[in-house]
Amino acid sequence: MTRLTVVRRSPLTWLLTLAVVLGVVAYIVAPRRAYANFLRLLATGDNTGLEKLVDYNALRSHFTLDFAAGLASHPPTPPISPQQQASLVTVMVNAAMTPEGLGQMVTQMGTAVPLEANGRPSPGAAPPDLRPSTSVQFQSPGRVDIHVRAAGVPDSAAGIYTFELEGMRWRLTRVWTERIAAAERSVR
């Protein structure tokens, strides 16, 4: 007959184990909370909060590349000069870099139920079963892509919000779609 031996762990061991588990859970949940906070800050017009959450320099750089790639892969008719293209990209980036521009981008991607300032859905907003679905994909320990798509929209058309870990907080560094990535690859 075998005997079962019970090993007693010290309270410190249990506390350390609990701290590690809570830390891992917080790390996994934090990007989704950062995205929800981003939507709340847009809905309430909290520019100070957005400045802390959004890395506007990285976003400006990505938007410039994305819009330029979009123009290169779908040239306007009639053709415009490179200087006009650069001016158009600058105007588009400047418009997108405002809270209103970011909010419109979120809505245009079909990825957000319109919210009132109190965070509740606006009258006439989509019922809960038609709200966007989100998935979190860690690309590295310091970078995560949050794919957001409305009901009935294929995964390939999802809006993608890239958050990067800076210190102890996640910051938005890019807003894009797979179509934008394909356009960038086609012009390289």
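Values computed for the structure shown
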read-out: Extreme residue, farthest from Pro132 (Cα to Cα), among residues of the stretch 39-49 that are among the small types (Gly, Ala, Ser) and open to solvent by 30 Å² or more (accessible area, probe 1.4 Å); value: Gly45
read-out: Residue pairs meeting the criteria (Cβ under 7 Å; at least 6 apart or on separate chains; first farther than 22 Å from Met109 by Cα, in the stretch 139-151; second modelled with pLDDT under 95 and of a type in the set (S, T, N, Q)); value: none
read-out: Spans of helices (runs of 4 or more DSSP H) in the stretch 1-120 with at least 1 residues over 27 Å from Pro141 (Cα atoms), more than 23 Å from the chain's Cα centre (by Cα) and at pLDDT 90 or above; value: 82-96
read-out: Count of the stretch 129-181 residues which are more than 21 Å from Val24 (Cα to Cα) and out of contact with any helix residue (DSSP H, G or I) (no Cβ under 8 Å at 6 or more places or on another chain); value: 10
read-out: Test: residue in the stretch 166-178 that is among the β-branched types (Val, Ile, Thr), at pLDDT 90 or above and within 21 Å of Ala69 (Cα to Cα); value: yes
read-out: Test for Val91: is it surrounded by fewer than 12 Cβ atoms within 10 Å (Cβ to Cβ) and among the β-branched types (Val, Ile, Thr); value: yes
read-out: Test result for Ala36, open to solvent by less than 50 Å² (accessible area, probe 1.4 Å) and of a type outside the set (Lys, Arg); value: no
read-out: Candidate set: the stretch 143-159, residues that are at pLDDT 90 or above and open to solvent by less than 30 Å² (accessible area, probe 1.4 Å); chosen: the one nearest to Asn37 (Cα to Cα); value: Ile146
read-out: Tally of residues being touching a residue at least 60 places away in the same chain (Cβ under 8 Å), under 26 Å from Ala72 (Cβ atoms) and open to solvent by 40 Å² or more (accessible area, probe 1.4 Å) across the stretch 165-181; value: 1
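One line per residue, one yes/no per condition, for (1) open to solvent by 90 Å² or more (accessible area, probe 1.4 Å); (2) under 26 Å from Met105 (Cα atoms):
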position	(1), (2)
Thr13	no, no
Gly23	no, no
Arg32	yes, yes
Glu51	yes, yes
Ala58	no, yes
Leu71	no, yes
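The values are calculated or read from the model by the stated rules, or taken from the named source; none is laboratory data. Note that the structure is a prediction, hence the values are computed from the model and not measured. With ideal geometry, Cβ positions are generated from the backbone for all residues, glycine too; neighbour counts draw on all protein chains shown. Side chains are part of the model used for accessible areas, which takes the heavy atoms of the whole protein and leaves out ligands, DNA and RNA. Shrake-Rupley method; radii C 1.70, N 1.55, O 1.52, S 1.80 Å.
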